[in-house]
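Working notes, structure below.
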Amino acid sequence: MSKTITILGGKDKTGRPEPIDSLQIESGQIYSIVGFTGSGKSQLISDIEQMAQRDTITERKILINGQSPDYSTRYDPDVKIVAHLSQNMNFTLEMGVKDFLHLHGECRGIKKSDSLIGEVMEYANTLAGEPVREDDILTSLSGGQSRALMIADIATISNSPIILIDEVENAGIDRRKAMDLLAGKGKIVLLVTHDPLLALMGDRRIVMQNGGMNQILTLTDEERKAEYLLEGFTEKILTAQNRIRCGESLSVEDLIYIQEESLC
Amino acid sequence: MRKPKVIIVAGPPACGKTSVMIHSIKCLQRLGIKTAVSKIDCLATEDDQRYAGIDVPVIVGLSGDICPDHYFVVNLEEMITWAGGEDADLLIVETAGLCHRCAPGIDKALSVCVIDSHSSIKIPEKVGPVLTTADIVIIVKGDSISQAEREVFRSRIRRINPNADIVEANGITGAGSEHVAKLLLDRKDATDLIGARLRHPMPTAVCSYCMGEMRVGTKFQQGAVYKMDFPCGKGGGERLCQKQ
Ligand SMILES: Nc1ncnc2c1ncn2[C@@H]1O[C@H](COP(=O)(O)OP(=O)(O)O)[C@@H](O)[C@H]1O
Ligand SMILES: [Mg+2]
């Protein structure tokens with residue numbers, strides 16, 4: 001189910017044409033979307049989710065495989081090709097994980113979902129810090145477990161080719177693995193984020209400004225190194241967090257980062 | 001005089017009907033469509049001010065002691081005349097719908113049900129005929145629920161109302177309102193509702209308390225009085241005991 005999406009530019013908040021007037025994204029690509037609060041990141045996501053046809057506030061137009069989506073692609077929730085994951089999404093049903101996944105599989109028209117459920121559980125457990133069990137109740141899962149299960153479900157049962165992620169940071173999951181899982185399954189991933197490490201997980205990033213797509217940057221080799229360093233910083237912060245949780249004192253030593261070592 | 005197309009918007013109290021309608025009306029305004037709104041509630045409402053804030057002619061009906069859905073049907077003809085006088089293309093009637101027993105829908109008029117995915121996700125069936133008889137079902141507040149649960153929720157709604165258009169909309173950001181506006185324009189065009197029929201009968205209101213009785217106790221009750229069933233010998237169980 002390979003797809004491309006094309007975003008044809010519209011207008012920024014002052015009504016001027018946005019600097020990027022056309023952008024094509026292919027299966028397996030990860031794009032991050034960055035910019036200040038209010039710069040239009042969520043609006044861009046929403047335009048893609050709705051497959052805007054010059055009928056939203058930005059007047060953008062979205063093409064799927066080079067064409068305007070037909071009515072059912074755009075509106076029929078049952079054939080919807082976009083899945084959405086955002087910061088404030090939660091599970092609300094008081095139901096066991098496995099029972100729920102069965103139910104979800106059923107409404108996606110999947111007859112024998114047992115092996116698929118096994119796959120979801122496996123993915124969820126490679127992403128989450130704490131194990132997720134089949135008989136855990138959805139509403140009692142921690143933030144990290146929920147997020148991991150949602151991503152695993154989106155990757156397998158929902159099986160939408162386009163995945164939009166809005167500010168899912170600090171969720172206590174292995175974000176690198178999550179991105180690899182999604183991109184590896186040939187998904188198009190668009191990721192809104194303020195976190196530099198997540199921003200660098202994109203092959204390219206869209207810089208938003210004043211409601212418009214202002215620039216497209218491609219990840220440079222220099223940035224790949226920077227990513228490596230950032231990962232080191234993050235690790236230090238996690239170490240500090242753990243020490244403090246365990247009731248230990250922090251030393252400056254713990255937080256010094258030796259650059260040469262990690263740069264090889 | 002103009003005959004506006006009538007759209008009836010119902011759904012559980014405080015589920016977000018007004019917010020989603022305001023966004024959709026703004027889309028209609030961009031398309032040059034003129035909308036008038038009639039808001040039916042029981043005791044008080046401030047929604048009229050929210051509608052007036054986007055420059056829509058609005059009228060309020062407060063039903064007081066009477067069921068708001070009864071009150072709505074009784075006044076429908078006059079509301080249409082009023083909206084025609086306001087030169088409106090569309091008349092949106094937003095009604096309170098409280099007990100879920102009935103639905104204000106009318107066969108020839110477009111019927112919209114707004115439901116809150118948080119409060120309805122477990123048992124959409126509980127929303128009752130207002131959901132099962134709707135032409136358009138708008139799901140709101142879905143943005144904080146997992147994708148998977150939203151899919152399950154939609155498929156349950158699909159099962160109990162196979163023919164409705166189901167839309168997800170966000171009353172805060174307005175996402176989805178373009179689609180709602182398009183459906184409001186495209187679906188069904190009723191110009192004359194006199195003689196049209198309700199989609200679902202309204203509850204009968206003929207017990208003593210409907211007529212103003214204040215005293216509690218069986219001996220004060222007349223008319224259509226329905227008693228609950230209790231296990232034999234407990235509560236008012238005589239009826240069940242006689243059956244056995
Ligand atoms: N091109 C645009 N034209 C007009 N309004 C816009 C445009 N892009 C975004 N907006 C509006 O600006 C507000 C902030 O945008 P939002 O996408 O929420 O920002 P962010 O997610 O970057 O914080 C929203 O109300 C949005 O609808
Ligand atoms: Mg945002």
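In segment B:33-84, which residues are touching a Cys at 6+ places or on another chain (Cβ under 8 Å) and surrounded by fewer than 16 Cβ atoms within 10 Å (Cβ to Cβ)?
B:Leu62, B:Gly64
Could you pull out the residue among B:Asp65, B:Asp69 that is of a type in the set (D, E, K, R) and assigned to a helix (DSSP H, G or I)?
B:Asp69
State which residue pairs qualify: first residue assigned by TED's automatic domain parsing to the domain that holds A:Thr193 and inside segment A:38-51, second residue away from ligand 1 (no atom under 12 Å from the Cβ) and open to solvent by 10 Å² or more (accessible area, probe 1.4 Å) in any location, beta carbons under 6 Å apart, and separation of 6 or more residues or different chains.
Qualifying pairs under 6 Å: A:Glu49/A:His84; A:Met51/A:Pro69; A:Met51/A:Arg74.
Any chance segment B:142-163 includes a residue that's open to solvent by 20 Å² or more (accessible area, probe 1.4 Å), more than 8 Å from chain A (Cβ to nearest Cβ) and in contact with a strand residue (DSSP E or B) (Cβ under 6 Å, 6 or more places away or on another chain)?
no
Find the helices (runs of 4 or more DSSP H) located wholly in segment B:98-199 whose residues include 3 or more that are within 23 Å of B:Ser63 (Cβ to Cβ), and list them.
Where helices (runs of 4 or more DSSP H) fall fully within segment B:98-199 and carry at least 3 residues being within 23 Å of B:Ser63 (Cβ to Cβ), they are B:129-132.
Look through A:Val120, A:Val34 and report the one residue that is within 16 Å of ligand 2 (Cβ to nearest atom) and touching a helix residue (DSSP H, G or I) at 6+ places or on another chain (Cβ under 8 Å).
Exactly one of A:Val120, A:Val34 is within 16 Å of ligand 2 (Cβ to nearest atom) and touching a helix residue (DSSP H, G or I) at 6+ places or on another chain (Cβ under 8 Å), namely A:Val34.
Pairs please, first residue from segment B:165-185 and at pLDDT below 85 and among the hydroxyl-bearing types (Ser, Thr, Tyr), second anywhere and assigned to a helix (DSSP H, G or I) and buried (at least 21 other Cβ atoms within 10 Å of the Cβ), Cβ atoms under 7 Å, 6+ apart in sequence or on different chains.
Here the result reads B:Thr173/A:Ser46, each pair linking segment B:165-185 to a residue that is assigned to a helix (DSSP H, G or I) and buried (at least 21 other Cβ atoms within 10 Å of the Cβ).
Condition (residue is in a strand (DSSP E or B), among the polar types (S, T, N, Q), within 14 Å of ligand 1 (Cβ to nearest atom) and more than 14 Å from chain B (Cβ to nearest Cβ)) applied to segment A:30-37: is it met by at least one residue?
yes
When you go through (1) charged (D, E, K, R); (2) under 23 Å from A:Thr92 (Cβ atoms); (3) touching a residue at least 60 places away in the same chain (Cβ under 8 Å) one by one for B:Glu125, which number turns out not to apply?
(3)
What residue, among those in segment A:58-80 that are within 27 Å of A:Asp195 (Cβ to Cβ) and in a loop (DSSP other than H, G, I, E, B), is modelled with the lowest pLDDT?
By that ranking, first place goes to A:Thr58.
For A:Glu106, indicate whether it is open to solvent by 20 Å² or more (accessible area, probe 1.4 Å) and at pLDDT below 95.
Against the criterion (open to solvent by 20 Å² or more (accessible area, probe 1.4 Å) and at pLDDT below 95), A:Glu106 qualifies.
Yes or no: B:Asp107 within 14 Å of chain A (Cβ to nearest Cβ) and touching a residue at least 60 places away in the same chain (Cβ under 8 Å)?
In short, no.
Restricting to segment A:18-35, name every residue that is touching a residue at least 24 places away in the same chain (Cβ under 8 Å) and surrounded by fewer than 21 Cβ atoms within 10 Å (Cβ to Cβ).
Residues satisfying the conditions are A:Pro19, A:Ile20, A:Leu23, A:Glu26, A:Ser27, A:Gly28, A:Gln29, A:Tyr31.
Looking only at segment A:1-19, decide whether some residue is more than 18 Å from the chain's Cα centre (by Cα) and either closer than 22 Å to A:Arg108 by Cα or assigned to a helix (DSSP H, G or I) (or both).
yes
Just give me the residues in segment A:47-89 being open to solvent by 20 Å² or more (accessible area, probe 1.4 Å), on the phi < 0 side of the Ramachandran plot and within 9 Å of ligand 1 (Cβ to nearest atom), in sequence order.
A:Ile57
Looking at segment B:75-122 only, could you name the residues that are β-branched (Val, Ile, Thr) and closer than 30 Å to A:Thr92 by Cα?
B:Thr95, B:Val112, B:Val114, B:Ile115, B:Ile121
Return the total of residues in segment A:165-201 being part of a loop (DSSP other than H, G, I, E, B) and modelled with pLDDT of 85 or more.
Number satisfying all stated conditions: 8.
Go through segment A:187-211 and count every residue that is within 15 Å of ligand 2 (Cβ to nearest atom), surrounded by 14 or more Cβ atoms within 10 Å (Cβ to Cβ) and touching a residue at least 40 places away in the same chain (Cβ under 8 Å).
Within segment A:187-211, residues that are within 15 Å of ligand 2 (Cβ to nearest atom), surrounded by 14 or more Cβ atoms within 10 Å (Cβ to Cβ) and touching a residue at least 40 places away in the same chain (Cβ under 8 Å) number 12.
Just a yes or no: is a residue in segment A:40-58 more than 13 Å from chain B (Cβ to nearest Cβ), hydrophobic (A, V, I, L, M, F, W, C), away from ligand 2 (no atom under 16 Å from the Cβ) and under 26 Å from A:Val168 (Cα atoms)?
There is no residue in segment A:40-58 that is more than 13 Å from chain B (Cβ to nearest Cβ), hydrophobic (A, V, I, L, M, F, W, C), away from ligand 2 (no atom under 16 Å from the Cβ) and under 26 Å from A:Val168 (Cα atoms).
Out of segment A:165-184, which residues are on the phi < 0 side of the Ramachandran plot and either within 14 Å of chain B (Cβ to nearest Cβ) or within 16 Å of ligand 2 (Cβ to nearest atom) (or both)?
A:Ile165, A:Asp166, A:Val168, A:Glu169, A:Ala171, A:Leu182
Let me spell it out: the conditions are (1) near ligand 1 (Cβ under 9 Å from one of its atoms); (2) within 13 Å of chain B (Cβ to nearest Cβ); (3) within 24 Å of A:Asp203 (Cα to Cα), and A:Glu18 meets all of them except one. Which number is the exception?
It fails just one condition, (2).
The values are calculated or read from the model by the stated rules, or taken from the named source; none is laboratory data. Since we're looking at a predicted model, the values are computed, not measured. Heads up, the Cβs are rebuilt from the backbone with ideal geometry, glycines too, and the neighbour counts pull from every protein chain shown. What goes into the accessible areas is simple: the full protein's heavy atoms, side chains included, and nothing from ligands, DNA or RNA. Shrake-Rupley method; radii C 1.70, N 1.55, O 1.52, S 1.80 Å.
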